[in-house]
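To start, the structure under review is shown below, and the notes come after it.
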Amino acid sequence: MAKNVVLIGFMGTGKSSIGIRLAQKLKRKFVDMDREIEMVCDMSVAEIFKRYGEVRFRSEERLMAAKLGREQDLIISTGGGAVLVRENMTALQENGILICLEASPADIFARVNRKKGTRPLLRNNISVADIERLLQEREPFYAQADVRINTSGKDFEQIIREILQVLQDKK
Ligand code: S3P
């Protein structure tokens, strides 16, 4: 049995895209917290926010973090705000190594604009400056990761290689 690998980080830093590839590489099960919450609620994240508000989403997220924190051998991608709740971090850290993916505000801006409307916390006309501000607000939370990896200017293969190296070093 191995510890979970938990990918945290701001929206648009590639947590899900990297997670799925890392899981394939390591032949482990991949769990995307937001997709699991959508399955449990039978609604998209955007719909949960719209109908019941952020409080309901955060509550589902807390339950999901507690559940996944009790499991092992998983590659988990979290939603960008999962780190805001101490309880989630404690649960996910219990059996997991927390890797924070980072990207430049300009890259995040480009990525989130490609998927407009799916992220209820971002207005459609969000600016790079807004992203910079949000990143700064969340910095103390992302700083709790065991390791931080910058993804800007790197392809998936390179990022996966860096993660594998981290996992090797942590053994
Ligand atoms: C959120 C990030 C989203 C999703 C929800 C809230 C956040 O996930 O969980 O919209 O607070 O940063 P991604 O990081 O996958 O976009």
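The values are calculated or read from the model by the stated rules, or taken from the named source; none is laboratory data. These figures come from a predicted structure and were not determined experimentally. Methodologically, a virtual Cβ is constructed for each residue, glycine included, from the backbone with ideal geometry; neighbour enumeration extends over all protein chains shown. Remember, those area values only see protein heavy atoms, side chains included, never the ligands or the DNA or RNA. Shrake-Rupley method; radii C 1.70, N 1.55, O 1.52, S 1.80 Å.
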Given +1 on the Cβ of Lys and Arg, -1 on the Cβ of Asp and Glu, and no further charges, what dipole in debye does the chain carry about its Cα centre, rounded to the nearest 20?
260
In deg cm²/dmol, rounded to the nearest 500, the helical mean residue ellipticity at 222 nm of the chain, built from -39500 (n - 2.57) for every DSSP H run of length 4 or more, is -18000 deg cm²/dmol
At q = 0.11, 0.12 1/Å the base-10 log of I(q)/I(0) from the Debye formula over the alpha-carbon atoms of the chain is -0.42, -0.51
Give me the count of lysine pairs in the chain whose alpha carbons sit under 19 angstrom apart, restricted to pairs 8 or more positions apart or on different chains.
21
Using modelled amide H (1.01 Å from N, peptide plane; none on Pro or chain starts), what sits under 5 Å from the amide H of Asn150, excluding residues fewer than 5 places away?
Glu102
From the residues Phe49, Ser152, Gly81, which one has its Cα farthest along the dipole of region 42-171 in the positive direction, the dipole being from +1 and -1 charges on Cβ of Lys/Arg and Asp/Glu about the Cα centre?
Phe49
Tell me, what ³J(HN,Hα) does each residue in region 111-121 have, in order and in whole Hz, if you take phi through Karplus 6.51 cos²θ - 1.76 cosθ + 1.60 with θ = phi - 60° and put x for Gly and Pro?
5, 6, 6, 6, 10, 4, x, 9, 10, x, 7
Nearest 20 debye, what's the magnitude of the dipole of region 120-171 about its Cα centre given +1 on Lys and Arg Cβ and -1 on Asp and Glu Cβ?
100
Of the accessible area of region 5-76, computed with a 1.4 Å probe and all protein chains kept, carbon and sulfur make up a percent value of 50
Rounded to 0.05, the calculated FRET efficiency for the beta carbons of Ser59 and Ser127 at R₀ = 30 Å is 0.50
Which residue fluctuates most in the GNM of the chain (Cα springs below 10 Å): Thr78, Thr13, Thr151?
Thr151
Where only protein heavy atoms count, and the probe is 1.4 Å, what is the accessible area per residue for region 1-72 in Å²?
53
Gap in Å between the Cα centre of region 57-84 and the Cα centre of region 89-164?
16
